[in-house]
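The values are calculated or read from the model by the stated rules, or taken from the named source; none is laboratory data. All of these numbers come straight from a predicted model, not from anything done at the bench. Please note: Cβ atoms are built from the backbone with ideal geometry, for glycine as well, and neighbour counts cover all protein chains shown. Note: areas computed on protein heavy atoms with side chains; ligands, DNA, RNA excluded. Shrake-Rupley method; radii C 1.70, N 1.55, O 1.52, S 1.80 Å.
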Amino acid sequence: MALSQLDRLLDAISPEELRVVEEIIAARPELAVETNVARNLQRKPSLLSEQGSHAGDDFVRRGLAWVMALARVELGAMAAGFTDEEDPFSLARPSNYELPAYIEVLSDGMRSHYWSLAADRVAKNPRQAGLSDSQAVAYVRRVHVALSFLRAFRDRARPHLAPAQITELRRWENDLEKLKWALLFDVLKLGTHLAGTGGSTQVKSQRLRGSLDVADSALAELPDCVKNAVRDVDGTSPPSPAETPAE
């Protein structure tokens, strides 16, 4: 895929050739990368907000590092949404050359997902939203992607974060976890009945199979380009319902 070709290019070219590549990319407006998109969604002050690098910063970045960083973050986001990888962003690790740009793009993605959900009327009160199973599964997927962004950013940026920023990240993570469990337990009714037996707790899931069928159907409808991108990252294709053993 294109990203692996850029990795090989970065390893092979000289500093002089790299300068020429950077000049070519900088001259192509379609290759500019807009950052701090989250500022359009943010509704209250945050210690995690991105600060401009200079007065009048338009948050438009140009260069090979930014193109590669954006591509890696997008692949990580697809893996977060459509695979069961524990750390989906580790599938396409950034090089040292693009690491600062990668962390900035990753941070913007995290903030965009968090503020988008924070402003969503359904997410504010999913119990009263009247969601269908397929709609609830879509929201669970959104929350899972947001959590993956948050944890990837925290793990990679931790050395540069102030204690107050880490505390705010913890609060955001708690907000997202609460929303996830409200969707799973209160809307999808997974494990709503708890019965203690002999000192242990048994979770009875009433509609787990039906909800998993909904998720399988959603996965089957993925565009081929998404399936191919994920396959190129981790060497596998997302499983289709046809590949899942019948019960």
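In the range 102-149, of all residues being of a type outside the set (Ser, Thr, Tyr) and part of a loop (DSSP other than H, G, I, E, B), the one that is nearest to GLU177 (Cα to Cα) corresponds to ASN125. Residue count for the range 77-119 satisfying the condition of being open to solvent by less than 30 Å² (accessible area, probe 1.4 Å), at pLDDT 95 or above and under 14 Å from ARG142 (Cβ atoms): 8. Only residues that are touching a residue at least 60 places away in the same chain (Cβ under 8 Å), in contact with a Phe, Trp or Tyr (Cβ under 8 Å, 6 or more places away or on another chain) and either loosely packed, with under 13 Cβ neighbours inside 10 Å or under 15 Å from GLY63 (Cα atoms) (or both) were counted in the range 10-52, giving 4. Looking at LEU70, is it under 18 Å from the mean Cα position of the chain (by Cα) and in a loop (DSSP other than H, G, I, E, B)? No: the conditions fail for LEU70.
Pairing each residue of the range 69-94 that is within 15 Å of SER107 (Cα to Cα) with any residue that is among the acidic types (Asp, Glu), provided the two are 6+ apart or on different chains, yields C-beta distances under 7 Å for ALA69/GLU98.
For the range 124-161, the set of residues classified as open to solvent by 60 Å² or more (accessible area, probe 1.4 Å) and over 24 Å from GLU74 (Cβ atoms) consists of LYS124, ASN125, ARG127, GLN128, GLY130, SER134, GLN135, PRO159, listed by residue number.
Quick check: anything in the range 39-46 under 21 Å from the mean Cα position of the chain (by Cα) and not in a loop (DSSP other than H, G, I, E, B)? There is at least one residue in the range 39-46 that is under 21 Å from the mean Cα position of the chain (by Cα) and not in a loop (DSSP other than H, G, I, E, B). Look at ALA164 and say whether it is within 30 Å of ARG19 (Cα to Cα), open to solvent by 10 Å² or more (accessible area, probe 1.4 Å) and part of a helix (DSSP H, G or I). The answer is no for ALA164.
Has the range 47-60 got at least one residue that is under 19 Å from VAL145 (Cβ atoms), part of a loop (DSSP other than H, G, I, E, B) and not acidic (Asp, Glu)? Taking every residue of the range 47-60 in turn, at least one turns out to be under 19 Å from VAL145 (Cβ atoms), part of a loop (DSSP other than H, G, I, E, B) and not acidic (Asp, Glu).
Residues in the range 108-142 that are in contact (Cβ under 8 Å) with a residue 40 or more places away in the chain and under 15 Å from ALA38 (Cβ atoms): ASP108, GLY109, MET110, ARG111, SER112, TYR114, TRP115, SER116, LEU117, ALA118, ALA119.
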